[in-house]
Amino acid sequence: MDVTPILGSLNDAQREAVTAPPVPLLVLAGAGSGKTRVLTHRIAWLVGVEGVAHHSVLAVTFTNKAAAEMRGRIETLLDNPAAGMWVGTFHGLAHRLLRRHWKEARLPQSFQILDSDDQLRVIKRLIRDLDLDDSRWVPKDVRGFINRNKDEGRRPADLDADDDPTQRQLAHLYDVYQRRCDEAGLVDFAELLLRAYELWRDNEDLLTHYRQRFRNVLVDEFQDTNVIQYQWLRLLAGPTGVPFVVGDDDQSIYGWRGAKIEHLHRFQKDFPDTKLVRLEQNYRSTGTILGAANALIANNTSRLGKNLWTEDDEGEPIRIYSGFNERDEAQFVVGKIKDWSEQGGARQEMAVLYRSNAQSRVFEEALINAAIPYRVYGGLRFFERAEIKDALAYLRLMVNRDDDNSFERIVNRPTRGIGARTLEVLRAYSQANATSLWKSAGAQIEGEVRGRASKCLFEFMRLIEELDQQTRDLELHERVDIVVNRSGLIGHYGKEPGEKGQARVENLEELVSAATGFMPDEQLEMAPLDAFLAHATLESGVDQGNPWDDCVQLMTLHSAKGLEFPVVFLSGMEDGLFPHRLSVGDSKALEEERRLCYVGLTRAMKQLYLTYAEQRRLHGMDTYGMPSRFISELPQELVEEVRPRVQVSRPVYRPKHGLAQPEAPAGMRLGQRVRHGKFGDGVVLNCEGDGAHARLQVNFEMAGTKWLVMAYANLEVL
DNA sequence: TACTATTTAATTTTT
DNA sequence: TTAAATAGTA
């Protein structure tokens, strides 16, 4: 076989990884070093040269997008379809396992998947039913508790609450929550993983079978694995497995979501003969950008260590711009965007990155003003829209009458005269008799529920029954079409005034076409409707928008991971914003912020701008920040201040009339930079009183925030 | 039951 | 500021 297509385009390190003998392999792949390429070429090598069977390959990633890309690339390389391979996300593969072995996993055959929104609803309901105060037991916190424990493989029985009443109560909530889900046939995201793990752990025959089958396990973005994912992999690999994992400890930015960077270190211990390959040649950025990124990340401790280099030129210096407020900052960025366009560059080659979503707004306004097309990433995805979830709830109830969550969602949507009172009766009955709301409704019609309510409830039940019975033999899209119409959802949302209602109706119609084009994964052997519902939850929809439009890209630093752009603007580079104020003060969190910054820097291919604002409106209040500490961690010789700090065009501080604002003492104003003999440099945040006895609140770079009396502080105005 | 007023809180996000 | 969630009113 000619191995040129597989190896020809690879450098030495990449080739070493791709052609490695069957030992556990850890590829430390820096940003832009061809990580996914190594992974896909490895698969091509295994199949094409080593001659391993397709169906012995399991390749796993985190996002559907990455999985789709991987599958596509494998298919190109192998020029015969990747059929028989398992390529997917952790959740997708776990789901496939559970569908196949639902009996062994002790699940109903048509179990439904809860997304985090659904999960929260279940928890809210639960807290209410248990008569707990939801300000003491905050639903989101309870959800966090449950998911954290599931992510780390713990069941309620594994929790030793000792005599801490809070922990005991939380454990109890977890326990009751889980029982409810089990009764209703509902599986949340974390449960998919945990169940799949337990399935193998508790069924030796199954485990043996899959161990023998999947001799070739490959993992992308390994630094993002959480505890249960890692345990699942270890279980699959067993004592003799040789997993091939690719990751970058410097790009681990999901620690807050349970990802354990330590798994990269642990891997070498758990798999003693691990071969380590470093990919350090970068094919993306200029020498300057890499130099800056390397210098920044060197401030982190406990790294596996890696130094990116490139054959590319040094390129242009990194530009730093200090705006006097966030609008000035945005204006600067827009100016540079125009420059790039005028020089013939495409708009989609530029990305504005920020730490938090709220920051997109001011850029959007500036771009609208300048009539520059843009696209914001993130936000509500298709299957997460309320009207879509309503329609899905109808479909789910048709599949599984005991799905209380869906029942509650749609029993009165559109309104059909089943109010809170009726529902209370049903809930009480369902609690007392440990049965579902649907069955309670059946039992209580002309029982405790009487008159009009009873009739309405009966009508609702008949609607669901009919939708199920009468559409059973139809094509999936016809079923969805009928449900969307006969449920009354179209009519209901059509009545909503304005464009909003119109948009919702269009979305519902879009759902029908999504069903038309839906191709179920034939490996799952599921009924089309079941498969469609699982798909809707597991792949909540690629963000729409017209990718062929030439738009400036706006996104958070997190969503930029894995992407690259010729021109990158890192905006909001202020301490407190980035690094986020909730992360400073905790060295682990701060290091993750630094990695996030590293990810941001390494997105840039040619030009990189870091911008910040001296004054920023946050939550309706003017705040004064200091340049991000990350800026000062970059080597001086690689950066260049775009505009020296002349203060010509600064706005004058104007007190709001009517409010007795303290008169700032001579030479001082809020946001003024000052120097103190002991504390160093800082920014004036606040002021009390006036004259020599005025007290100033100053945020010092080194010493933190202090209140100082003007007369004694001896502050030097900078 | 739907609309309006008030309160509250405010990273990052995939599955 | 603003968006969302809740409480109160027609």
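Note on segment A:399-510: semi-axes of the ellipsoid equivalent to its C-alpha gyration tensor, largest first and rounded to whole Å, are 27, 17, 12.
Net charge in the neighbourhood of A:Ala184 (other residues with Cβ under 9 Å of its Cβ; Lys, Arg +1, Asp, Glu -1) is -4. Taking other residues whose beta carbon is less than 15 angstrom from the beta carbon of A:Asp550, and scoring Lys, Arg as +1 and Asp, Glu as -1, yields 0.
I need the GluC sites (Glu not before Pro) found in segment A:504-541, filtered to DSSP loop residues with at most 16 other beta carbons within 10 Å of theirs.
Values: sites: A:Glu506, A:Glu509, A:Glu510, A:Glu522, A:Glu525, A:Glu539; in loops: A:Glu525, A:Glu539.
Answer in residue order: A:Glu525.
The A:Arg100 and A:Ala157 beta-carbon pair, evaluated with R₀ = 25 Å, returns a calculated FRET efficiency of approximately 0.40.
Working out 0.36 nm times the residue gap between A:Asp270 and A:Ser356, then minus their Cα-Cα distance, what length gain in nm do you get to one decimal? Each step should come with its number before you reach the end.
Working: separation 86, 0.36 × 86 = 30.96 nm, distance 3.69 nm.
Gain on extension, A:Asp270 to A:Ser356, equals 27.3 nm.
Annotation: for a label point projected 7 angstrom from Cα along Cα→Cβ of A:Glu633, residues of segment A:302-327 with backbone N closer than 15 Å are A:302-306.
Phi angles of segment A:583-591 translate, via the Karplus equation with coefficients 6.51, -1.76, 1.60 and θ = phi - 60°, into HN-Hα couplings of 9, 6, x, 10, 5, 5, 5, 5, 5 Hz per residue; Gly and Pro are given as x.
The length gained by stretching the chain between A:Arg472 and A:Arg581 to full extension, at 0.36 nm per residue less their Cα-Cα distance, is 33.8 nm.
Before rounding to the nearest 500, sum -39500 (n - 2.57) across all DSSP H runs of length at least 4 in chain A and divide by the residue total; then give [θ] at 222 nm in deg cm²/dmol. Provide the component values of the computation, followed by the final result.
Details: 28 runs with 317 residues, N = 718.
Dividing the helical sum by the residues of chain A leaves -13500 deg cm²/dmol.
Put in line by how crowded their Cβ is, counting other Cβ atoms within 10 Å and starting with the fewest, A:Tyr598, A:Tyr283, A:Tyr609, A:Tyr377 read A:Tyr283, A:Tyr377, A:Tyr609, A:Tyr598. A straight line joining the Cα centroids of segment A:417-474 and segment A:139-206 runs 30 Å. Charge tally for A:Ile6 (other residues, Cβ to Cβ under 13 Å; Lys, Arg +1; Asp, Glu -1): +1.
Take the alpha carbon atoms of segment A:356-383, find their center, do the same for segment A:1-57, and report the distance between the two centers in whole angstrom. Cα centroid of segment A:356-383 versus Cα centroid of segment A:1-57: 39 Å apart. In chain A, Cα pairs under 8 Å separated by at least six residues give a relative contact order of 15 percent. Scanning residues 5 or more positions from A:Val674 or on other chains, those with amide H under 5 Å from its amide H are A:Gly682, A:Val683, A:Val684, A:Leu718, with H placed 1.01 Å from N in the peptide plane. Shape of segment A:63-125 from the C-alpha gyration tensor: oblate (a/c of 1.5 or more and a/b not above b/c, with a ≥ b ≥ c the square roots of its eigenvalues). Computed from phi, the 3J(HN,Hα) profile of segment A:41-50 under the Karplus parametrisation 6.51, -1.76, 1.60 (θ = phi - 60°) reads 5, 4, 4, 4, 5, 4, 6, x, 9, 6 Hz, with x in place of Gly and Pro. Here A:Lys35 is the anchor, and the lysines within straight C-alpha reach of less than 23 Å, apart from those fewer than 8 places off in the same chain, are A:Lys65, A:Lys260, A:Lys269, A:Lys275, A:Lys306, A:Lys561, A:Lys606.
Taking 0.36 nm per residue of separation and subtracting the current Cα-Cα distance, fully stretching the chain between A:Ala295 and A:Asp134 would add 53.3 nm.
If you filter segment A:284-373 for trypsin sites (Lys or Arg not before Pro), then keep DSSP loop positions with at most 10 other Cβ within 10 Å, what is left? Provide the component values of the computation, followed by the final result.
Values: sites: A:Arg284, A:Arg303, A:Lys306, A:Arg319, A:Arg327, A:Lys336, A:Lys338, A:Arg347, A:Arg355, A:Arg361; in loops: A:Arg284, A:Arg303, A:Lys306, A:Arg355.
Of the trypsin sites (Lys or Arg not before Pro), not one in the loops of segment A:284-373 has a Cβ with at most 10 other Cβ atoms within 10 Å.
Which value, in nm² and rounded to one decimal, describes the direction-averaged projected area of the C-alpha convex hull of chain A?
Numbers: hull surface 150.1 nm².
Hull-based average projected area comes out at 37.5 nm².
Here segment A:245-344 is treated as a sphere whose radius is the Kirkwood value from Cα pairs; by Stokes-Einstein at 4 °C and 1.567 mPa s it diffuses with a coefficient of 76 µm²/s. Each Lys and Arg contributes +1 and each Asp and Glu -1, all at the Cβ; summed about the Cα centre of chain A, the dipole is approximately 1100 debye.
Which chymotrypsin sites (Phe, Trp or Tyr not before Pro) in segment A:493-533 pass both tests, a DSSP loop state and at most 16 other beta-carbon atoms within 10 Å?
On the way: sites: A:Tyr493, A:Phe518, A:Phe532; in loops: A:Phe518.
In loop regions of segment A:493-533 (DSSP not H, G, I, E or B), the sparsely surrounded chymotrypsin sites (Phe, Trp or Tyr not before Pro) are A:Phe518.
Near the amide H of A:Arg617, within less than 5 Å, lie the amide hydrogens of A:Glu326, A:Thr623, all on another chain or at least 5 residues away, with H placed in the peptide plane.
Starting from the eigenvalues of the Cα gyration tensor, five times each then square-rooted, give me the equivalent ellipsoid semi-axes of segment A:360-430, largest first, whole Å. If you can, show how the numbers build up before the last one.
On the way: eigenvalues 331, 40, 19 Å².
Largest first, segment A:360-430 gives 41, 14, 10 Å.
Backbone phi angles across segment A:443-456, fed through the Karplus curve with coefficients 6.51, -1.76 and 1.60 (θ = phi - 60°), yield HN-Hα couplings of 6, 9, 5, 6, x, 6, 8, 10, x, 4, 4, 4, 5, 4 Hz in residue order; Gly and Pro are listed as x.
Tell me the angle of helix A:90-100 to the major Cα principal axis of chain A, expressed in degrees between 0 and 90 and rounded to the nearest ten. Tilt relative to chain A: about 10 degrees.
If you rank A:Asp312, A:Asp164, A:Asp481 by fewest surrounding Cβ atoms within 10 Å, what's the result? Intermediate results must be reported in sequence, preceding the final value.
Details: A:Asp312 17, A:Asp164 11, A:Asp481 21.
In order of increasing Cβ crowding within 10 Å: A:Asp164, A:Asp312, A:Asp481.
The distance between label points at A:Arg617 and A:Glu311 comes to 5.1 nm (points 7 Å beyond Cα on the Cα→Cβ vector).
In whole percents, the pair-distance distribution calculated for segment A:416-465 from its alpha-carbon pairs, binned every 10 Å from zero, is 29, 61, 10.
Per q in 0.10, 0.11 Å⁻¹, report the Debye log10 I(q)/I(0) for segment A:181-296, using one uniform scatterer on each alpha carbon and no solvent. Here the Debye-derived log intensity ratios amount to -0.41, -0.49. Between amide H atoms placed 1.01 Å from N, distances below 5 Å from A:Ile320 occur with A:Leu610, A:Glu640, A:Glu641, A:Val642, all of them 5 or more places distant or on a separate chain.
Laboratory data are not the source of any read-out in this text; all were calculated from the coordinates shown. All values reported here derive from a predicted model rather than from experimental measurement. Don't worry about glycine lacking a Cβ; one is built from the backbone with ideal geometry, like all the others, and counts go over all protein chains shown.
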